[in-house]
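Here's the structure, in structure tokens; my notes come after.
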Amino acid sequence: MAIPTDGYVRIFDTTLRDGEQSPGATMTSAEKLEVARALSRLGVDAIEAGFPAASADDLAAVRSIAESVGVRPVEGRPSAEPPIICGLARASRPDIDRAWEAVKGAKYPRIHTFLATSELHMKHKLRMTPAEVLERVKDMVAHAKSLCDDVEFSPEDAGRSEPAFLHQVLAEAIRSGATTLNIPDTVGYTTPDEFGALIRGIRENVPGVENVIISVHCHDDLGLATANSLAGILAGARQAEVTINGIGERAGNTSLEEVVMALATRSAKFGLRTGIDATQLVRVSRLVSAATGMVVPPNKAIVGANAFAHESGIHQDGMLKHQATYEIMRPESIGLLQTRLVLGKHSGRAALAARLVELGYSFDDAALHRIFTRFKTLADRRKSVADADLEALVHDDASPQDELWALDGLQVGCGTHGMPTATVRLRGPDGNLHVQASVGTGPVDAAYKAIDALVKAPAELLEFSVRSVTEGIDALGEVTVRVRALSEREPLSPQHEVASAPVFHGHGAETDIIVASANAYLKALNRLLVARGRARPASERMAVASAPTRPAQEQRT
């Protein structure tokens, strides 16, 4: 693939692999494919689509992305070529073989293999000697090269590796056929001066390094991921491994939008460019947030809700006099644009479809029908429907095959006196309607208890958040929940539940936040059931343990 080299920084996006490792951020295959299309449209050079050896589902998802997004450029992509599609593999033959099986359908496939090189990891995790690590790198990179021309190698925990040994390993990887050397600060330990020096040392001491691309992959444990990545780029790295919204293991990864906009805004300092269409950053950020259930903090750089908000009188005065006094970027540069087509209750299906296409969404006729039906309902309640409302409707859309249990009706009663109650009517996997009433500490808790009694998917509610999509009393309310799966045999209290139990998220958007809350919870439970292979009628599951434990007060959810 002919990617510019002079002054060009490749953007390698690992949202679908490292980003998805965030607890509860697991996406369905359909969501992964939609995110992959959005990343291609955004202009990323490489998509790390997953870890094919992790599961049969992951292999299938990576293969699907390789054979669609990786074959031809999607409409709107800045480049005339599709992105590189990459699969991650441990330094073992079975992993590498599965990675190749997953990505070989792409026009530009890549195998990314890794092995730890720090003394700590070699001694306590790998239980291998430095000589054994060198031999494994030699054999496994060569094996990957025998399958695929484009091979990336990562020395895991490079930031804490002994430099001389690290240089040996990287030289061996180059001799064995690696075309990209990725240098990860796996645990987010280094500081910018240290990481920049690490990259400079590699450029000065590794034979053959001038013939490969040096990449940086930094974690944010100390809040330094973007600073470290930029320091590495200044020192000569020409690929940045990033995720949308900075999601990923523990505190996350380097944020794509931060690196891209730092290089663009401070072009005089860096003198470098990327192939990213920055006007799509906000839309892709919202898509990934909805798909993963990872809410973007309002103060998040570039794409946070407050990134271009000014409340201080001094700031407002300066902005009125000259925008550059308090804004180093224009909101339009990242896609915060005003709607050119006003949509309301008199708008038709064609106008809605046209606006969704302008926003970068693709959908089939069935999905358009579902979104249009909800759009008309919303438009009847509001004067006009904003882009943010449309995006919320798109992100909240669920195809019938994704809804094992669907909300068919909800009635609640609450107030300062009496007991909050909720009656829910659900359509189950058997196609029948099921009704249940429950009492709770509040209307949401009561609704959730009623849902629990019907669905019987033991889970603990970990997070519950509500936000307004736009302003006004008639605004859509967006609810995000995260649940942790509990034992089916014996529901456990939170203090006894294993911290590593699977976490699932759900998302709902309605003008009625109680309805949105119920839909979000159902979506999380549906994900849990699919993961357990439980898509069968309720009558076959009546013996399963029921209600999960939940914090006593609704405000603690």
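The values are calculated or read from the model by the stated rules, or taken from the named source; none is laboratory data. Everything numeric in this text was worked out from a predicted model, so none of it was measured. All Cβ positions, even for glycine, are placed from backbone atoms using ideal geometry, and neighbour counts span all protein chains on display.
Could you go through segment 56-71 and let me know if any residue there is in a helix (DSSP H, G or I), of a type in the set (A, V, I, L, M) and under 27 Å from F165 (Cα atoms). There is no residue in segment 56-71 that is in a helix (DSSP H, G or I), of a type in the set (A, V, I, L, M) and under 27 Å from F165 (Cα atoms). Within segment 418-445, residues that are in the same structural domain as V481 (by TED's automatic domain parsing) and in a strand (DSSP E or B) have Cβ atoms under 9 Å from residues that are surrounded by fewer than 20 Cβ atoms within 10 Å (Cβ to Cβ) and of a type in the set (K, R) in these pairs: L433/R425; L433/R427; H434/R425; H434/R427; V435/R425; Q436/R425, counting only partners at least 6 apart in sequence or on another chain.
Of all residues in segment 140-181, those satisfying the criterion of being touching an Asp or Glu at 6+ places or on another chain (Cβ under 8 Å), part of a helix (DSSP H, G or I) and either farther than 19 Å from K125 by Cβ or not assigned by TED's automatic domain parsing to the domain that holds I247 (or both) are V141, L147. Selection over segment 436-448 of residues that are touching a strand residue (DSSP E or B) at 6+ places or on another chain (Cβ under 8 Å) and within 14 Å of A520 (Cα to Cα) gives a count of 3. Looking across segment 277-298, the residues that are in contact with a strand residue (DSSP E or B) (Cβ under 6 Å, 6 or more places away or on another chain) and not in a helix (DSSP H, G or I) come down to G293, V295. In segment 366-420, the residue that is modelled with the lowest pLDDT out of those that are surrounded by 18 or more Cβ atoms within 10 Å (Cβ to Cβ) and more than 20 Å from T511 (Cβ to Cβ) is L404. Restricting attention to segment 74-99, the residues that are surrounded by fewer than 20 Cβ atoms within 10 Å (Cβ to Cβ) and either modelled with pLDDT of 95 or more or more than 27 Å from M261 (Cα to Cα) (or both) add up to 6. Selection of segment 1-53 for residues being in contact (Cβ under 8 Å) with a residue 40 or more places away in the chain, in a strand (DSSP E or B) and among the hydrophobic types (A, V, I, L, M, F, W, C) yields I11, F12, A46, A49.
Listed here are the residues, each with its yes/no results for (1) over 19 Å from V9 (Cβ atoms); (2) within 20 Å of the chain's Cα centre (by Cα); (3) outside the structural domain of A142 (by TED's automatic domain parsing).
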residue	(1), (2), (3)
L42	no, yes, no
L59	yes, yes, no
V62	yes, yes, no
I65	yes, yes, no
V71	yes, no, no
E75	yes, no, no
S79	no, no, no
R98	yes, no, no
E101	yes, no, no
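Within segment 119-137, restricting attention to residues that are in contact (Cβ under 8 Å) with a residue 40 or more places away in the chain and surrounded by fewer than 21 Cβ atoms within 10 Å (Cβ to Cβ), the residue that is nearest to A54 (Cα to Cα) is R136.
From the list G19, G7, the lone residue that is of a type in the set (G, A, S), modelled with pLDDT under 95 and touching a Leu at 6+ places or on another chain (Cβ under 9 Å) is G7. Which one is modelled with the lowest pLDDT, of the residues in segment 342-358 that are surrounded by fewer than 18 Cβ atoms within 10 Å (Cβ to Cβ) and under 21 Å from A38 (Cβ atoms)? Ranking the qualifying residues of segment 342-358, first place goes to E358. Being in contact (Cβ under 8 Å) with a residue 24 or more places away in the chain and either among the aliphatic types (A, V, I, L, M) or in the same structural domain as A501 (by TED's automatic domain parsing) (or both) is a property that A459 has. Listed conditions (1) buried (at least 19 other Cβ atoms within 10 Å of the Cβ); (2) under 24 Å from V469 (Cβ atoms); (3) not hydrophobic (A, V, I, L, M, F, W, C) are all met by T274, apart from (2).
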